[in-house]
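Data block below; observations after.
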Amino acid sequence: MPPISLTGIKPTGNPHIGNYFGMYKPAIALTQKYLGLYFVADLHALTTTPERKELQGLIYEVAASWLALGLDPEKSVFFRQSDIHEIPECTWILSCVTPKGLLNRAHAYKAAVDKNVETGRDPDFDVNAGLFYYPVLMAADILLYNSDVVPVGLDQKQHIEITRDIAENFNRTYGKTMKVPDGVISEDVQSIPGIDGRKMSKSYGNTIPIFAPEKELRKQIMRIVTDSRTPEEPKDPDTCNLYQIYRHFAAPERLAEVHQQYLDGGLAYGALKQELAETILAYFAEARRKYGEMINDHAYLDDLLGQGAEKAREIARPVLARIRKAVGLTR
Ligand code: TRP
């Protein structure tokens, strides 16, 4: 069996170019050397109790995004987390070697508590136990397949560390059973600013979505914030938001020209935004076409995800059997 690269992505809606460079692209590249186990993290999505219909739509969106952006379901194992019934069992067993204090320190939980304390509320106000358990569920996702590498964005770094801690605790308690995985953290995502210069994030509303209708995509690109320098004035590409986005898409020769124009003067932001819109549309033309074909074909997506789940469970079953044996759950 080839080494395994595994990652999950929460169904939170239309992926943006930051997600693409930070997550989809490096994860898909890894499938050249690794068996990719990539899944829609729909169980994790429940921690925010989304509305039922909305969640279902979002699951198809992420699934279609993975496929449109180039994941080959024949060569990889592509599935829905919730189809793997071994996951909740593994989560429970792992929770019993997880110090509660480790979870107290997890960023998402801690941020919720800190906010409550600041506003004079009970520390656990409005925090469900699912949110608290989130890192253990994620450790189960990773450890259940003996994953070798886990490509994730920088925001998931702590979750990988927690997973490694849990695996090591398990091995210390029950003998070497778990493979301790390595995170593959893409720094790249940090270097793509949002249209307002902050980190590109759905919660800031500053993203450039990949699969939005063309008109909306263009509008968002034209809203990229720049300074008020006139075309004639020299400009600094390193601190310019527009350039920092543009550089990911432009052909190298064209990028060098634009870079020079920044330094010399003679570059109009408006014109470069237009060019960026064309470049992004061309860059994702094939992906956008595929996405359009798939997004409403739920039967196709369901079928594919179902087949992926079968394959994933075949990998998971013997690992879970070993885990059960290690803790004494088999006769
Ligand atoms: N927590 C990850 C995110 O928010 C999603 C995720 C769930 C995941 N399980 C995983 C990522 C296992 C890597 C490995 O993006």
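Exactly one residue out of Q260, Q274 is surrounded by fewer than 19 Cβ atoms within 10 Å (Cβ to Cβ), at pLDDT 95 or above and under 23 Å from R198 (Cα atoms), and it is Q274. Here K157 passes the criteria (1) among the charged types (D, E, K, R); (2) out of contact with any strand residue (DSSP E or B) (no Cβ under 9 Å at 6 or more places or on another chain); (3) touching a residue at least 24 places away in the same chain (Cβ under 8 Å) except the one numbered (2).
Here is the figure for the stretch 71-97: residues that are more than 26 Å from E168 (Cα to Cα) and assigned to a loop (DSSP other than H, G, I, E, B) total 6. Considering only residues in the stretch 9-42 that are assigned to a loop (DSSP other than H, G, I, E, B) and modelled with pLDDT of 90 or more, the one that is nearest to the chain's Cα centre (by Cα) turns out to be K10.
Looking at Y291, Y204, Y283, can you tell me which residue is exposed (fewer than 15 other Cβ atoms within 10 Å of the Cβ) and among the hydroxyl-bearing types (S, T, Y)? One residue alone meets the criteria, Y204. Each residue in the stretch 295-309 was checked for being charged (D, E, K, R) and either buried (at least 17 other Cβ atoms within 10 Å of the Cβ) or more than 17 Å from D72 (Cβ to Cβ) (or both), and 2 of them qualify.
Of the residues V77, V113, the single one that is within 27 Å of I166 (Cα to Cα), of a type in the set (V, I, T) and touching a strand residue (DSSP E or B) at 6+ places or on another chain (Cβ under 7 Å) is V77. Being within 16 Å of the ligand (Cβ to nearest atom), assigned by TED's automatic domain parsing to the domain that holds M23 and of a type in the set (G, A, S) is true of G153.
Taking (1) assigned by TED's automatic domain parsing to the domain that holds L35; (2) surrounded by 14 or more Cβ atoms within 10 Å (Cβ to Cβ); (3) out of contact with any Phe, Trp or Tyr (no Cβ under 6 Å at 6 or more places or on another chain) in turn, K199 satisfies each apart from (1). Scan the stretch 3-28 for residues that are crowded, with 20+ Cβ neighbours inside 10 Å, within 11 Å of the ligand (Cβ to nearest atom) and β-branched (V, I, T) and report the count. Residues that pass the stated criteria total 2.
Kindly check whether there is at least one residue in the stretch 159-175 that is assigned to a loop (DSSP other than H, G, I, E, B), of a type outside the set (A, V, I, L, M) and closer than 23 Å to K25 by Cβ. No, there is no match, as no residue in the stretch 159-175 is assigned to a loop (DSSP other than H, G, I, E, B), of a type outside the set (A, V, I, L, M) and closer than 23 Å to K25 by Cβ. Residues in the stretch 66-101 that are more than 13 Å from the ligand (Cβ to nearest atom) and small (G, A, S): A68, G70, S76, S95, G101. Of all residues in the stretch 32-49, those that are more than 14 Å from the ligand (Cβ to nearest atom) and surrounded by fewer than 18 Cβ atoms within 10 Å (Cβ to Cβ) total 3.
The values are calculated or read from the model by the stated rules, or taken from the named source; none is laboratory data. All figures in this text were calculated on a predicted structure; none of them were measured in a lab. Cβ coordinates were reconstructed from backbone atoms using ideal geometry, including for glycine residues, and neighbour counts include every protein chain displayed.
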